[in-house]
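**Student:** First the structure, then my questions, so here it is.
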Amino acid sequence: DTESKSWMSEFYRIHWLRAKSVKDRWEEEEELVISEFQWAISFFRFRAKEWHKIQMGNSAIGAPGVWCYAARQRMMYSRLAEHAERKWQAMNATDIQFVLEKDL
């Protein structure tokens, strides 16, 4: 009888450790996704500002081709930043929580 209790105790301990590792892995993944989202938005904003500087610099010297290309790039990165921000705001914390609970 003590042997079966010992075996069950070991079984529950192993099961608990596995569940804890899955939970920890998902928490780490959540942190990474949040960081990647924030990084992507910051990068898109940065590139839009850089292309705006190029656009304004070439406006002064009268290079219309470069100005147009820089304007197009600036708009592309601005739209990417806006799109990423909208997606970020649309994400719901309960979605992440549901996935965590489902995997455990």
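**Student:** Taking the condition touching a helix residue (DSSP H, G or I) at 6+ places or on another chain (Cβ under 9 Å), in a helix (DSSP H, G or I) and hydroxyl-bearing (Ser, Thr, Tyr), does Ser42 pass? Please lay out each step first, then the result.
**Tutor:** Working: touching a helix residue (DSSP H, G or I) at 6+ places or on another chain (Cβ under 9 Å): yes; in a helix (DSSP H, G or I): yes; hydroxyl-bearing (Ser, Thr, Tyr): yes.
In short, yes.
**Student:** Taking the condition of being closer than 30 Å to Met91 by Cβ, surrounded by 14 or more Cβ atoms within 10 Å (Cβ to Cβ) and of a type in the set (Gly, Ala, Ser), how many residues in the stretch 30-77 meet it?
**Tutor:** Number satisfying all stated conditions: 2.
**Student:** For Glu82, indicate whether it is among the acidic types (Asp, Glu) and loosely packed, with under 12 Cβ neighbours inside 10 Å. Steps first, please.
**Tutor:** Values: among the acidic types (Asp, Glu): yes; loosely packed, with under 12 Cβ neighbours inside 10 Å: no.
Against the criterion (among the acidic types (Asp, Glu) and loosely packed, with under 12 Cβ neighbours inside 10 Å), Glu82 does not qualify.
**Student:** Something else about it: If a residue has to be among the aliphatic types (A, V, I, L, M) and loosely packed, with under 12 Cβ neighbours inside 10 Å to count, how many in the stretch 1-29 make the cut? Outline the logic, then answer.
**Tutor:** Residues of the stretch 1-29 among the aliphatic types (A, V, I, L, M): 8, 14, 17, 19, 22.
Keeping just the survivors that are loosely packed, with under 12 Cβ neighbours inside 10 Å gives 8, 14, 17.
Total meeting the criteria: 3.
**Student:** Something else about it: Could you check how many residues of the stretch 53-89 are within 30 Å of Leu32 (Cα to Cα) and of a type outside the set (Lys, Arg)? Steps first, answer last, please.
**Tutor:** Residues of the stretch 53-89 that are within 30 Å of Leu32 (Cα to Cα), as a first pass: 73-89.
Filter again for of a type outside the set (Lys, Arg), leaving 73, 75-78, 80-85, 88-89.
Qualifying residue count for the region: 13.
**Student:** Separate question: So which of Glu50, Glu85 is without any contact (Cβ under 8 Å) to a residue 40 or more places away in the chain and assigned to a helix (DSSP H, G or I)? Even if it seems obvious, please write down each step before you answer.
**Tutor:** Numbers: Glu85 fails: without any contact (Cβ under 8 Å) to a residue 40 or more places away in the chain.
Glu50 is the lone residue from the list that is without any contact (Cβ under 8 Å) to a residue 40 or more places away in the chain and assigned to a helix (DSSP H, G or I).
A short reminder: the numbers here are calculations on the coordinates, not readings from a lab. Computed from a predicted model, the values in this text were never measured in an experiment. Backbone-built Cβ (ideal geometry, glycine too); neighbour counts: all protein chains shown.
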